[in-house]
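The values are calculated or read from the model by the stated rules, or taken from the named source; none is laboratory data. Fair warning: this is a prediction, and the values are worked out from it, not measured in the lab. Cβ sites come from the backbone with ideal geometry, for glycine too, and all protein chains shown count toward neighbours.
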Amino acid sequence: MSTPFVDLADAPVRGFLHAPSQPSHGAIVLTHGAGADCQSKLLIEMSNVFAASGFTVLRFDLPFRSERPHGPPSPGSAARDRDGLRRAVALMKERERGPIFLGGHSYGGRQATILVSEDSQLVDGLLLFSYPLHPPRKPDQLRTSHFPKLNRPAFFVHGTRDPFGTIPEVKSALKLIPASHVLFEVEGAGHDLATKKTFGDLPSRVVSEFQTFVKK
């Protein structure tokens, strides 16, 4: 079960809070990609399974999506979107005493990594779905310049048919990250991480592997 969550600060946080029946693992802040919102199937299903496993999860809309319901973010909105991520983390720290993890899908995950590269004390780790390593068909335009500054554990989930980065490209890029990291491959999945009409058991597999990773 989830409940609406709203905080109308300068960088608004609007979304849904998934509270576990028996909290035991800390909290996760999750956000969406450039063409979606926090109601995406990926975020809903992942949040439900993480909450069932003991995590408190806040899935929310980035500021650019709060301002307009459709379309990608404008080139100048990234800094404010990171402010939204920072605010969401602060709100969860007020609620939770355990570790806080930050992440999201595609654009949201990219902004999360940039934010953590600038403030290594912000969260305890990163959870990244379909990191947009480069634009489709433009492998020379890598989005990895901040990777050497990532000093928090990072868990990457990536489809083997993702046009934003092949598995070999992602593996090569992750070598730039000095902190511990792992790549969870989703066979046959594209950027949305769907292999058929549903995600099947993907959420439960991701949660299991993520729990193992953060306990190391």
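Please work out which one of (1) under 15 Å from Arg110 (Cα atoms); (2) free of Cβ contacts under 8 Å to residues at least 24 places away in the same chain is the condition Thr144 fails and give its number.
Result: Thr144 fails condition (2) only.
How many residues are at pLDDT 95 or above and either touching a strand residue (DSSP E or B) at 6+ places or on another chain (Cβ under 9 Å) or within 22 Å of Gly125 (Cβ to Cβ) (or both) when one looks only at region 18-35? Let's see the steps before the verdict.
Keep residues of region 18-35 that are at pLDDT 95 or above, which gives 18, 27-34.
This time we only want the ones that are either touching a strand residue (DSSP E or B) at 6+ places or on another chain (Cβ under 9 Å) or within 22 Å of Gly125 (Cβ to Cβ) (or both), so: 18, 27-33.
Qualifying residue count for the region: 8.
Scan region 35-42 and tell me whether some residue there is assigned to a loop (DSSP other than H, G, I, E, B), farther than 26 Å from Ala194 by Cβ and touching a residue at least 60 places away in the same chain (Cβ under 8 Å).
Residues of region 35-42 that are assigned to a loop (DSSP other than H, G, I, E, B), as a first pass: 35-40.
Next, only the ones that are farther than 26 Å from Ala194 by Cβ stay: none.
Within region 35-42 (the criterion being assigned to a loop (DSSP other than H, G, I, E, B), farther than 26 Å from Ala194 by Cβ and touching a residue at least 60 places away in the same chain (Cβ under 8 Å)), the answer is no, since none of the residues qualifies.
Evaluate region 58-78: report whether one residue or more is within 26 Å of Leu202 (Cβ to Cβ), touching a Leu at 6+ places or on another chain (Cβ under 7 Å) and at pLDDT 95 or above.
yes
Residue check, Phe5 against (1) at pLDDT 90 or above; (2) over 16 Å from the mean Cα position of the chain (by Cα); (3) part of a strand (DSSP E or B); (4) not hydroxyl-bearing (Ser, Thr, Tyr), all met but one. Which one?
The single condition Phe5 does not satisfy is (1).
Kindly provide the set of residues from region 70-97 that are in contact with a strand residue (DSSP E or B) (Cβ under 8 Å, 6 or more places away or on another chain) and exposed (fewer than 13 other Cβ atoms within 10 Å of the Cβ), ordered by number. Working first, answer last.
First pass over region 70-97, keeping only residues in contact with a strand residue (DSSP E or B) (Cβ under 8 Å, 6 or more places away or on another chain): 84-85, 87-89, 91-93, 95-96.
Hits for region 70-97: nothing passes.
When you scan region 103-132, how many residues do you find that are of a type in the set (Gly, Ala, Ser), assigned to a loop (DSSP other than H, G, I, E, B) and buried (at least 22 other Cβ atoms within 10 Å of the Cβ)? First the steps, then the outcome.
Residues of region 103-132 that are of a type in the set (Gly, Ala, Ser), as a first pass: 103-104, 106, 108-109, 112, 117, 120, 125, 130.
In the following step, the residues that additionally are assigned to a loop (DSSP other than H, G, I, E, B) were identified as 106, 120, 130.
After this cut, where a residue has to be buried (at least 22 other Cβ atoms within 10 Å of the Cβ) as well, the list is 106, 130.
Within region 103-132, residues that are of a type in the set (Gly, Ala, Ser), assigned to a loop (DSSP other than H, G, I, E, B) and buried (at least 22 other Cβ atoms within 10 Å of the Cβ) number 2.
Checking Pro135 against (1) at pLDDT 95 or above; (2) part of a loop (DSSP other than H, G, I, E, B); (3) touching a strand residue (DSSP E or B) at 6+ places or on another chain (Cβ under 9 Å); (4) surrounded by fewer than 16 Cβ atoms within 10 Å (Cβ to Cβ), which single condition isn't satisfied?
(3)
In region 186-205, how many are crowded, with 20+ Cβ neighbours inside 10 Å, modelled with pLDDT of 90 or more and more than 9 Å from Asp162 (Cβ to Cβ)? Walk me through it before giving the result.
Applying the first criterion (crowded, with 20+ Cβ neighbours inside 10 Å) to region 186-205 yields 186, 189, 191, 193, 199, 202-203.
Next, from what is left, pick out any that are modelled with pLDDT of 90 or more: 186, 189, 191, 193, 202-203.
Now drop any that are not more than 9 Å from Asp162 (Cβ to Cβ), which leaves 202-203.
The qualifying residues number 2.
Within region 56-97, take every residue that is in a loop (DSSP other than H, G, I, E, B) and either in contact (Cβ under 8 Å) with a residue 40 or more places away in the chain or in contact with a helix residue (DSSP H, G or I) (Cβ under 6 Å, 6 or more places away or on another chain) (or both) and give me the one that is nearest to Ala27 (Cα to Cα). Talk me through it step by step, then tell me what you get.
Let us first name the residues in region 56-97 that are in a loop (DSSP other than H, G, I, E, B), namely 62, 68-77, 96-97.
This time we only want the ones that are either in contact (Cβ under 8 Å) with a residue 40 or more places away in the chain or in contact with a helix residue (DSSP H, G or I) (Cβ under 6 Å, 6 or more places away or on another chain) (or both), so: 62, 73, 77, 96.
Working: Leu62: 18, Pro73: 26, Ser77: 26, Glu96: 7 Å.
The extreme case among them is Glu96.
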